[in-house]
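Below: the structure, in structure tokens.
The values are calculated or read from the model by the stated rules, or taken from the named source; none is laboratory data. Computed from a predicted structure; not experimentally measured. For neighbour counting, all protein chains shown are included, and Cβ atoms are generated from backbone atoms with ideal geometry for every residue, glycine included. The protein model used for the area step is the full one, side chains on, heavy atoms only, and it has no ligands, DNA or RNA in it. Shrake-Rupley method; radii C 1.70, N 1.55, O 1.52, S 1.80 Å.
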Amino acid sequence: MPNADYVAHQSEITWEHRSTLVDWLIDTHQKFRLVPETLYLAVNILDRLLSFRHVAIGKLQLVGCTALFIAAKYEEVMCPSVQNFHYLSDSTFSENEILAAERYVLRTLSFNLSYPNPMNFLRRISKADDYDIQTRTVAKFL
């Protein structure tokens, strides 16, 4: 799990920067029509990386883009290509930069992408508890 207070250890990044980046991730996630688990994993990867490494403000969007790219590879059946991420970042980063950042993030996290995903928990508890569909829908929304 990420450090809950990692922003205090970052020299350039604030909670507002993270909030703006997460808004961009949500927008990008919706444009690709990805599953919710992909977004959850991307934010988790982002937070864990920022817990371990200092990131310059100019590289924050690259880290977010890379986190979503990695999460899509992990969760999606059909993953968007690196060219798609290059295009949606308004060509701010080259495809080679995204791929190099991917290697860096994966090495930093020791290729450990697992975490307690709320959707996986909801699926398991719903099956075990003979759930009501309306209750499950509200839980998914929350």
Return yes when VAL55 is in a helix (DSSP H, G or I), of a type in the set (A, V, I, L, M) and more than 13 Å from the chain's Cα centre (by Cα) and no when it is not. no
Return yes or no: is LYS73 open to solvent by 70 Å² or more (accessible area, probe 1.4 Å), basic (Lys, Arg), touching a helix residue (DSSP H, G or I) at 6+ places or on another chain (Cβ under 8 Å) and within 20 Å of VAL22 (Cα to Cα)? no
Please tell me if LEU25 is over 20 Å from GLU97 (Cα atoms) and either surrounded by 18 or more Cβ atoms within 10 Å (Cβ to Cβ) or in contact with a Ser or Thr (Cβ under 9 Å, 6 or more places away or on another chain) (or both). no
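Just the residues that are more than 13 Å from CYS65 (Cα to Cα) and either in a helix (DSSP H, G or I) or among the basic types (Lys, Arg) (or both), please, taken from region 1-19.
Listed by number, the residues that qualify are TYR6, VAL7, ALA8, HIS9, TRP15, GLU16, HIS17, SER19.
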Kindly indicate the residue of region 76-125 that is among the small types (Gly, Ala, Ser) and touching a residue at least 12 places away in the same chain (Cβ under 8 Å) and also surrounded by the most Cβ atoms within 10 Å (Cβ to Cβ) among those meeting that condition. ALA101
Residue in region 128-142 that is most open to solvent (accessible area, probe 1.4 Å), counting only those that are in a helix (DSSP H, G or I), within 18 Å of PRO36 (Cβ to Cβ) and not β-branched (Val, Ile, Thr): PHE141
